[in-house]
Amino acid sequence: MIDSVSKGGVGTCVAACALLLAPAIQLSCSASPNISPDSGVSYDRSVSTDSPVVGTGNSGSCSDPSLPALALIESLPFDIKTTRRLSRYRSCLGHSMNDEHEPTPLSSLKHYVFGPAEHANCYRSTVYAPFDGRVVGLSRAADSSGNTDGREAGCDETSGGGFVAIVADVDPRFAVDLAHVMPLADVEVGDMVNAGDRVGYAILPTTENGSWDLHFGSVLTSYPLFLSDFGLSLNSYCSIAEFLTDELRSELAEHGVEAPKQLWFSKEEREMAPCAESAYGHDNLPDGQINFHGSYNDAPNMWVTFR
């Protein structure tokens, strides 16, 4: 049983994405998920990308410009009333995250989600499914007391190591990887979720730098799905900017953010202003990624701030 939010509030939970006018797409079912007991990661690699929705491409909010900008995000994955700010796609915050469609310029092809500016040592931020879909992977990293349920996990370094990966029902080329979150105990691989369903919590331990990662984009068209201890591997990373329903764009506008244009930098803008590497270089990062200079953390153009 997965908790749901009411209509309104955190995104409008629409029963069907009427704007798409697309036929229903069936996802194949696996008899049982594959489980890696050593890593604590479970995943389902049986999803098919048959019958994708045809569209006209996006305006640069994906590394692959041919992907259609479908209005498939029907609920914000974060609670906008308690979220302080969201990093812009192609920002210079944190560390680089690029893909085969856009290996350069180095930038962060994702969104960081930050909680309130002030909270008492630990903030538990609710995380929601952004669209109807199927859970294809998750990790239940434990806190220092062994708790793996986001409702109960304490605020320590290990509580941010989990993830929930969901493939979209309306077009299973698209998926979201909600990273550095603690899934709810009753969320399992293979579950069908609805837009606005509560799937976990982000445990944010600090007032300044506590954040979780919103990875959205297309999965590989050749299967099986690739999932690792770190989450779902996306073929093309996208901003949520052009994939929001009109209702969500209106909701963001009420909080002072104009979508889609304020949520992302264009590739051309980033090429003109490359991200600077920090002195830490590749420390504690996978091959090919670099840490960006800390001065960007105070650069207001790297974020959108909700009022």
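Computed from the coordinates by the stated procedures, all read-outs in this text should not be read as laboratory data. Keep in mind the model is a prediction, meaning the values are calculated, not measured. Virtual Cβ from ideal backbone geometry, glycine too; neighbours counted across all protein chains shown.
Among rounded, prolate and oblate, which fits the stretch 66-195 when a ≥ b ≥ c are the square roots of the eigenvalues of its C-alpha gyration tensor, a/c under 1.5 means rounded, and a/b larger than b/c means prolate?
Values: a/c = 1.65, a/b = 1.21, b/c = 1.36.
The shape class here is oblate.
Taking the Cβ of each residue in 111, 101, 282, 95 as the centre, tally the other Cβ atoms inside 10 Å and list the residues starting with the fewest. Each step should come with its number before you reach the end.
Values: 111 26, 101 17, 282 14, 95 20.
Exposure proxy ranking, most exposed first: 282, 101, 95, 111.
Take residue 295 and residue 100, extend 7 Å from each Cα along the Cα→Cβ direction, and tell me the distance between the two endpoints in nm.
3.6
Cα gyration tensor of the stretch 120-202, axes a ≥ b ≥ c as square roots of the eigenvalues: rounded (a/c below 1.5), prolate (a/b > b/c) or oblate? Don't skip to the end; give the middle numbers.
Details: a/c = 2.40, a/b = 2.05, b/c = 1.17.
Judged from the Cα gyration tensor, the stretch 120-202 comes out prolate (a/c at least 1.5, a/b above b/c).
Compute the distance in nm between two label points, each set 7 Å from the Cα along the Cα-to-Cβ direction, one at residue 249 and one at residue 268.
Placing both labels 7 Å beyond Cα along the Cβ direction yields 2.1 nm.
How would 283, 99 line up from fewest to most surrounding beta-carbon atoms within 10 angstrom? Walk me through the numbers before you get to the answer.
Details: 283 10, 99 17.
Fewest-to-most ranking of 283, 99: 283, 99.
Quick check on the exposure proxy: order 272, 182 from fewest to most C-beta atoms within 10 angstrom.
Details: 272 10, 182 32.
Going from sparsest to densest Cβ surroundings: 272, 182.
Taking the simple approach of a point 7 Å from Cα along Cα-to-Cβ for both residue 145 and residue 279, what is their distance in nm?
Using points 7 Å along Cα→Cβ, the separation is 3.9 nm.
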